[in-house]
Structure formats: structure tokens, C-alpha cells
Amino acid sequence: MQALVLAGGEGTRLRPLTYTTPKPVMPLAGRPFLTFMLDWAHSHGVDEVILSCGFMSDDVKRVLGDIYDGMRLRYVIEDEPLGTAGPVRRAFDEGLLDERLFVLNGDVLTDIDLTGELAQHEHTGARVTLALHPVDDTSSYGVVPTDSDGRVEAFLEKTEGDAPTNRINAGAYVLEREVVEAIPPGRAVSFERETFPALVGDGLYGFPAAGYWIDIGTPERYLEATWDLLAGRVGSRLPPRDETGSLVYEGCLLSGAHVGPQAVLGRHCSVGSDARVERSVLHDRVVVGADAAVVESVLATRVRVGANARVLPGAVVGAGAVVGEDATIGEGARVDPGVEIEPGARVEAGDFVKAPEAAR
Ligand code: GDD
Ligand code: MG
């Protein structure tokens, strides 16, 4: 079985992280994100994956290569964004697609049962089957009410107001070729706004998926996914966690530091004495000075946090940025790659400190 993974979005909600690393290969608990999805797809019989890339596609190719755990990886690269359905049509036009395939949003960490979804698809004779997952707040998703036989009654992409159901589009579809052939060629097309609404009542089914599911596309959810992985709430091939529920990769220096609970330290990080790193993610080669505190934050590769500085919950600091001694990065603040925050300075909660465009 083939899977096409949509991995060409710009990941705007994960900026500044996605200025330097595209979302598909963003380290999650120390591994390129898509490797979790590839493991999941493989466990449901997928043996060939087409990666649909655009934004920073070279980085995705460089990290993942042409073969992953025995699965062939092929790339379809777009110069201009083709949306979500356009890339599938493009892959079809390039002669890459079989009769039937999975199409997967490239930013979901999940263990939902693709095998069961495929079985239901065959049983109902659907043209498209969408995996549906229940969430508390439906506002940032596609809401998909169905009848008791699973027939989709409406596809409501990010609409305001009361939702008719809490089941949302989980971004995992089974598609028949006739549907791919009907996608208009040569332009951006949205499954969610064009293809699926047009298929309501015409072979579009929902599959009520059980299990773990999260879209990692915002800093809050990226951290939540990290904690869930560390706690084993979703299966993975991660190494065992330490007694604080943390993952510390090779080459880290932590003498006298307090790391954990639920922290991830990438390769070759250093944390100074009496510094605290709690419920946070440090990508590779991050340096945290003595007595500093980093709480519920994400620090991209090569960030340096000076002695006694504070990085408060929800903060995201871009690659190579420097937080001066005694400085504070307020809650939810973001700092662009390469920016230097002066010693003793304070970045207010929710601020986004920008670098000059050329410096990124
Ligand atoms: N190749 C390609 N080209 N991929 C794209 C493009 C594009 O132009 N635009 C977006 N993608 C990829 C993204 O990289 C991501 O993996 C996936 O398509 C979905 O795009 P998002 O931008 O993350 O969409 P969303 O999260 O707001 O909403 C979508 O996912 C929700 C579930 O997480 C929709 O499918 C919703 O209906 C759904 O509920
Ligand atoms: Mg998304």
C-alpha cells in the first residue's frame, strides 16, 4: 500500500522554529518528526511513501533520504504551494500513484488504526474515507458530522460557532483513483474546501478512529506531544526515559544541573550548575548557563541562555539566538533565530522579537 504524505506547508504557526527547520523534520523528542509517522504507516502495511514537499524540501530530503526502514521514499517537489489536494494530483500526473492510496497530513502524531480504516473503506465501497477523531475544541480543524452508517453529512473547515459534532478530520484519508483524477490539474486545490465538500453524499465516509492523535503544528501542541511521548501515552521507538521522565541524548554536559521532569535535551547540550530545565525541549548544541531557569519552553539548535536568565512557559527561542545573562523571556514570547537579547533585558509575555529579514 502507498501513502502520500503532505509535507509542504510552511509551518507558520511554529515560527521561529520553522525558519530554520521545516516542520516535517523538526526534532520531536530528538527524532525527525516524520519518522514517527513513517513508523506508524509502516506498521499498517505501507511499503512506499511519497513525500509531497515544497517549503525547504532540500532539508527534508537530506534528513530522510530515499529509504527508511525498508520503505521506499519518493519525493514530489512543488515550486509553488499546491494546497492539500493539488499535490496528490501532481503525483498522479507524474505516474506515481496506484489505484488506491492513503493520504496523510504530515504533521500528526497518532496511532490510529489505518488497517481498520482501510477495512471499513472496502466494506462500505467508499470513494474516500476520512479518519475522524474527537477533540474538545474543534475551532482549528475540519468538523465532520456523519450518519450512523458513516456517510459524511458535511465538511466544515475551520468554521465559527457551534459545531454539530466534536469529530474532526484527523488528516488520514483512503482515496480511490477516480477521486484523484477528478482533482483539477495544474493549480492549488484544497481537499478541505473543494474536494471533500463536493463529495458529500457521493461516496465520502468517515471512520471513527480511536486512540492517540495530535497535530503538532503549534508550539503548545508540539510541547504536549513531547510530554505524551515521554510518558508513553503514544507508542514510539524512543530510547527509555530516565528517572525524571526525561530524554538526554549523547554528548550532554549537566554537572550540578537540575534537568527534568519531562525534558528533552538534544545532542551536545550543556546545562550549568544549579540551572533548571523543566518540561522543556532543547534541540542540539544548546547551552544554558549556571543558575538559569528554562520552563515549558522550546530552545532551537545552538541557542545560548546566559547565567541566571529566565525563559518562561510557552517561550520559543529560534536557532542560534542568545539570551543574555539575567535576561527574561516572558511567557509565550518568541525570539527569531540569531537575535541577541541584551543582558538583564526583558522580553514581555507574548512579544515576538524579530531579526532583520536578511539575518534569517
Ligand atoms: N505539499 C504541500 N503543499 N503540503 C501542504 C501544503 C501545500 O501547499 N499546504 C499544507 N500542506 C501540508 C502541511 O505541511 C500539513 O502537513 C498538512 O498539509 C495540513 O496542513 P496544515 O496547514 O497543518 O493544516 P491544518 O492543521 O490547519 O488543518 C488540516 O489538518 C487538520 C488536522 O490536523 C486540515 O486538514 C483540517 O481539516 C484537519 O482537521
Ligand atoms: Mg496541521
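Ranked from largest to smallest solvent-accessible area, with a 1.4 Å probe on the protein heavy atoms, 124, 129 come out as 124, 129.
Taking the Kirkwood radius as Rh and the Cα radius of gyration as Rg, the stretch 1-142 has a ratio of Rg/Rh equal to 0.95. Hand me the GluC sites (Glu not before Pro) from the stretch 163-260 located in a DSSP loop with no more than 14 other Cβ atoms within 10 Å, in residue order please. Answer by residue number: 243, 250.
Each of 231, 271, 134 was placed along the dipole of the chain (beta-carbon charges, centred on the mean Cα), and the one lying farthest toward the positive end is 271. Overall, the accessible surface of the chain at a probe of 1.4 angstrom is composed of carbon and sulfur to the extent of 46 percent.
Could you provide, to the nearest whole Å², the per residue accessible area of the chain with probe 1.4 Å?
41 Å²
Here is the list for the stretch 14-99: GluC sites (Glu not before Pro) lying in DSSP coil, each with at most 11 other C-beta atoms within 10 angstrom of its C-beta, are 94, 99. Relative to its residue count, the chain spans a Cα convex hull of 130 Å³ per residue. Output the relative contact order of the chain, whole-number percent, from Cα pairs under 8 angstrom with separation of 6+ residues. The value is 13 percent. For the chain, a Gaussian network of Cα nodes joined below 10 Å ranks 217, 65, 161 by mean-square fluctuation, and the top entry is 161. Computed from label points 7 Å out along Cα-Cβ, the spacing between residue 149 and residue 77 is 4.7 nm. With R₀ fixed at 41 Å, the C-beta to C-beta distance from residue 357 to residue 200 puts the FRET efficiency at about 0.45.
Calculated on the alpha-carbon coordinates, the convex hull of the stretch 117-211 measures out at 98 cubic angstrom per residue. Of 162, 66, 113, the order by accessible heavy-atom surface (1.4 Å probe, DNA, RNA and ligands excluded), from most exposed downward, is 162, 66, 113. Backbone amide hydrogens, once placed in the peptide plane, bring residue 28 within less than 5 Å of 33, excluding anything fewer than 5 places away on its chain.
Size of the stretch 29-85: Rg and Dmax of its alpha carbons, in Å, are 11.8, 32.
Computed from point charges on the beta carbon alone (+1 for Lys and Arg, -1 for Asp and Glu), the dipole magnitude for the chain about its Cα centre is near 780 Debye. The dipole here belongs to the stretch 98-178: it is taken about the Cα centre, uses +1 on the Cβ of Lys and Arg and -1 on the Cβ of Asp and Glu, and is about 120 debye.
From its DSSP helices (H runs of at least four residues, each -39,500 (n - 2.57)), the chain gives a residue-normalised ellipticity at 222 nm of -5000 deg cm²/dmol. For the stretch 143-243, the set of trypsin sites (Lys or Arg not before Pro) satisfying both a DSSP loop assignment and a count of at most 15 other C-beta atoms within 10 Å is given as 158, 187, 233, 237. Between the residues 2, 22, 52, the greatest Cα displacement towards the positive end of the dipole of the stretch 1-100, with unit charges on the Cβ of Lys, Arg, Asp and Glu, is found for 22.
The values are calculated or read from the model by the stated rules, or taken from the named source; none is laboratory data. Since this is a predicted model, take the numbers as computed values, not measurements. Cβ sites come from the backbone with ideal geometry, for glycine too, and all protein chains shown count toward neighbours. Remember, those area values only see protein heavy atoms, side chains included, never the ligands or the DNA or RNA. Shrake-Rupley method; radii C 1.70, N 1.55, O 1.52, S 1.80 Å.
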